[in-house]
Every structure is written in structure tokens, then in C-alpha cells.
Amino acid sequence: MAGEQLLDMMEARGGSDSDYSDIVFGTVVSEKPLKIQISNQMVLTDAFLNLSKAVTDHKVKVKDGNDTKTVTVLGALKKGDGVTMIRQDGGQQFYVLEKIGGDEDG
């Protein structure tokens with residue numbers, strides 16, 4: 001029922017599926033401030049980017065036997081990293097989902 005209502009709303013709005021959201025690939029061209037290039041002529045600045053936890057340095061708790069420790073996961077984006085993004089409805093915001101390719105150990 002809710003699915004039908006959503007489909008009706010999308011049909012009423014019109015447009016193609018990619019008008020709602022789309023997968024986009026890019027390359028980090030600057031770390032601070034963060035900039036990601038998605039085409040020869042388009043570079044996204046941090047104002048248009050929302051980052052998933054997977055592409056940030058962040059702390060997590062881990063358990064080793066009876067001990068619980070907090071460790072830092074080093075996931076921050078670096079110049080040259082390839083990324084997968086989701087272009088959100090309207091194309092004004094991009095959710096940076098994950099890094100692609102490259103050296104995962106570096």
C-alpha cells in the first residue's frame with residue numbers, strides 16, 4: 001500500500017529514474033577543503049557533500065576477550081582516492097558512500 005502510494009507520487013511527478021537519484025563516481029582532488037571531481041568540468045565542494053562514516057576517521061569500540069578498547073579507524077579521504085557517491089534527488093547533494101580501488105592499506 002505504501003509502495004503503491006510512492007509509485008503514484010513518482011508517476012505524478014514524471015521524469016526518469018535517474019532524476020530522483022543516481023550512482024556517481026568521482027576522484028578526490030583536494031582534502032582540505034574537500035573537493036571531488038566528477039567530470040572534466042565539474043568539481044564538487046564540501047558544501048555539496050555528505051560523508052558516510054566509511055570515508056571518515058572515526059572511533060569504534062572493539063572487544064578483545066574481556067577488554068573493551070576504543071580504536072580509531074583511519075578512513076579519511078585522500079587526494080587521488082576514487083569514490084562512489086549517490087546523487088540525491090535534485091542533484092544538489094551527493095552522499096559519499098565508499099572509496100573504490102586504490103591502496104586500502106595506505
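Worth a mention:
- 3J(HN,Hα) along region 82-99, derived from phi through the Karplus expression 6.51 cos²θ - 1.76 cosθ + 1.60 where θ = phi - 60°, amounts to x, 9, 9, 10, 10, 7, 7, 3, x, x, 8, 10, 10, 9, 7, 7, 7, 7 Hz, with x in place of Gly and Pro.
- For D22, the residues whose modelled amide H falls within less than 5 Å of its own, excluding neighbours fewer than 5 places apart on the same chain, are R87.
- Other-chain or far-sequence residues with amide H under 5 Å of N50's (modelled H): F94, Y95, V96
- Phi to ³J(HN,Hα) by Karplus 6.51 cos²θ - 1.76 cosθ + 1.60 over region 34-48, Hz, x for Gly, Pro: 5, 9, 10, 8, 10, 7, 4, 10, 10, 10, 8, 9, 4, 5, 9
- Interchain or long-range residues, amide H under 5 Å from L44's placed H: I36, Q37, I38
- Placing R0 at 35 angstrom, the Cβ-Cβ distance between A47 and E11 gives a FRET efficiency of 0.60 after rounding to 0.05.
Bear in mind that the values in this text are calculations on the coordinates, not laboratory data. On a predicted model such as this, the values are computed, not experimentally measured, just so you know. Quick reminder, even Gly has a Cβ in these numbers, built from the backbone with ideal geometry, and neighbours come from all protein chains shown.
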